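For reference, the structure discussed in these notes is given below.
Values quoted throughout were computed directly from the atomic coordinates according to the rules given, and no laboratory measurement underlies them. Predicted model only: the values in this text are computed from it and were never measured. Here Cβ is always computed from backbone atoms with ideal geometry, including for glycine, and neighbour counts include all displayed protein chains.
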């Protein structure tokens, strides 16, 4: 799917106002993507809910792909264990577990 395809057409704000909202909506429902321009610059688009849903799914896919590529490009393979993180922060697993147990016993957890 492309953002602009053979079913897209461009109209001016003036022409959009002349044709009226009901016609723009009907055209969008029938699959047309209407690009509205003011002074030759695109300022709005009227698209069907189906097309909007496709665009939103593509946006999610693009974000997930970018995240995956970023992770793949920066992954050194090194993994840090919880105990190493706790030690680095000056914490002790046994003390934290005892504190959690005390909080749970006191109804604070």
Q) Within the stretch 33-62, which residues are more than 24 Å from the chain's Cα centre (by Cα) and either surrounded by 13 or more Cβ atoms within 10 Å (Cβ to Cβ) or not in a strand (DSSP E or B) (or both)? A) 36, 37, 39, 40
Q: Just give me the residues in the stretch 71-101 being surrounded by 10 or more Cβ atoms within 10 Å (Cβ to Cβ) and assigned to a loop (DSSP other than H, G, I, E, B), in sequence order.
A: 91, 92
Q: Could you list all residues from the stretch 30-50 that are in contact (Cβ under 8 Å) with a residue 24 or more places away in the chain and over 11 Å from residue 16 (Cα atoms)?
A: 31, 32, 33, 42, 43
